[in-house]
1. Under 29 Å between alpha carbons, and skipping anything fewer than 8 positions from A:Lys26 in its own chain: which lysines qualify?
2. In the full protein assembly as shown, how much of B:Val87 is accessible to a 1.4 Å probe, in Å² to the nearest 10?
3. Quick one: check the C-alpha center-to-center distance for the stretch B:46-94 versus the stretch A:167-231, whole angstrom.
4. Which of A:Leu236, A:Cys38, A:Val65 sits closest to the plus end of the dipole of the protein assembly as shown, meaning its Cα is farthest towards the positive end, when Lys and Arg get +1 and Asp and Glu get -1 on the C-beta?
5. So for chain A, taking the charge dipole from beta-carbon charges (+1 Lys/Arg, -1 Asp/Glu), which of A:Ala146, A:Pro223, A:Ile50 sits furthest toward the positive end?
6. Considering only protein heavy atoms, with the full assembly of protein chains and a 1.4 angstrom probe, order A:Leu61, A:Leu81 by accessible area, largest first.
7. Within 10 Å of each Cβ in B:104-113, how many Cβ atoms from other chains are there, averaged over the peptide?
8. Which ³J(HN,Hα) values, rounded to whole Hz and listed in residue order, are derived for the stretch A:235-242 from phi using the Karplus coefficients 6.51, -1.76 and 1.60 in 6.51 cos²θ - 1.76 cosθ + 1.60 with θ = phi - 60°, glycine and proline given as x?
Amino acid sequence: MITAADFDFLRGFLKDRSGLDLGPEKRYLARSRLRPLCEDAGLRSLGDLIGKLRAGEDGGLADAVVVAMATHETMFFRDRLPFEAMRDSILPGLLARRAASRRLRIWSAAASTGQEAYSVAIILHEMRARLDGWRVELLGTDISPAAIARARDGTYSAFEVQRGLPVRYLLEHFTKEGSDWRIAEHLRSAVTFGPLNLLQDFGRLGTFDLILCRNLAIYLDPPTKSALFARLASALARDGALCLGASETVLGYTGAFVPDPDHRGFFVHGPEGTERPTRSAHMGTAG
Amino acid sequence: MKHALVVDDSAVIRKVACRIMEGLALRTSEAEDGEQALMACRREMPDVILLDWNMPVMDGHEFLRALRKMPGGKSPKVVFCTTENDVACIARAMHAGADEYVMKPFDRETMTAKLQEVGMI
Ligand SMILES: C[S@@+](CC[C@H](N)C(=O)[O-])C[C@H]1O[C@@H](n2cnc3c(N)ncnc32)[C@H](O)[C@@H]1O
């Protein structure tokens, strides 16, 4: 077991590094997640590992700890409804509004191993007749380089590949390689993946029409959440949309976004000049 | 309440599948092989059938063929559920008239998505 003092240090460390808010009930998790890392790093115990972090000598180790403690849990078309909304309404709306520029930029900002971005790619593939001559950019980023490497590779176990994925898509867009399934080249080349910590500046990425930042905010403490939403707002086109996870909301954390009344799980820019965080009665529903 | 029939010769798989489906507000019943499953369908046609491929007595394919010939046998949605996961196996199952396909092992999320796909939840 990790000592109380070491666990406290780890909590503070994760909060600073990634905004991850590790509840006190996660002490057992720390052990099971960091054990393999200890072995990899040739350290005898969790105590030694925390000791290294305290000494602050090894940047690589610090990143590895953040990644080991982050949850990468994901699936294709997670929660289904938001993706139906994208296909039926959000994307057609954007297509109509971007008819002049014929440019569309979409960002999966906590992409994990890529299933979310590829789900969007599948939807765009089905809309391809309407996107002829368009410049469509689909970007997937995550703090975990290992997750991003897997996303780029687009290879999934039989268990992973069918989580959320209808069998017709499996047959249409995947080929079997050994016991795994690999996503087709036309989808792999439709998405650009790269590592990115959302707590650091991402202004250089420019402006997006649709941002998916799903099932990350639930792990963040309120101030980090507020700050992240404010920065996402500045990366979203004025008439764009932000898609959060099913149990997440901006309410109580920022005035920069308001819920899209027509699409559950989507948020649009609030009225101009309300960028100040507000604390409403809804606060805590996402925590 | 929608009724799901789980057809598998493994009691463990039946139990796991039933628990997941009951958690999704489906009513469940079980059959150990294709023949039992046909009898169950004669008594009461289910809304969805989770169907194993390899079973003694009557396998999934034979069952599916017989089911579709029964009165009312075209209505249930059929989700094949097997350890086979070659493209050819999946294509063959879909060709035989299945509506979805689940590879073992599966979890709640997978089953939920498959049942949504066939309009059960
Ligand atoms: C639970 S997964 C969600 C994946 C996907 N968006 C979904 O909804 O299925 C959360 C992801 O956020 C990533 N993450 C955690 N902290 C991050 C940060 N500060 N910047 C970028 N990604 C982060 C984790 O590595 C993990 O892959």
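The values are calculated or read from the model by the stated rules, or taken from the named source; none is laboratory data. Just so it is clear, the model here is predicted, and its values are computed rather than measured. Here Cβ is always computed from backbone atoms with ideal geometry, including for glycine, and neighbour counts include all displayed protein chains. Please note that ligands, DNA and RNA were not included when accessible areas were found on the heavy atoms of the full protein model with its side chains. Shrake-Rupley method; radii C 1.70, N 1.55, O 1.52, S 1.80 Å.
1. A:Lys15, A:Lys52, A:Lys225
2. Probe radius 1.4 Å; accessible area of B:Val87 about 60 Å².
3. Here the two parts' Cα centres lie 36 Å apart.
4. Result: A:Leu236.
5. Most positive-ward Cα: A:Pro223.
6. A:Leu81, A:Leu61
7. Per-residue shielding by partner chains comes out at 5.
8. Coupling constants for the stretch A:235-242: 9, 10, 4, 3, 9, x, 9, 10 Hz.
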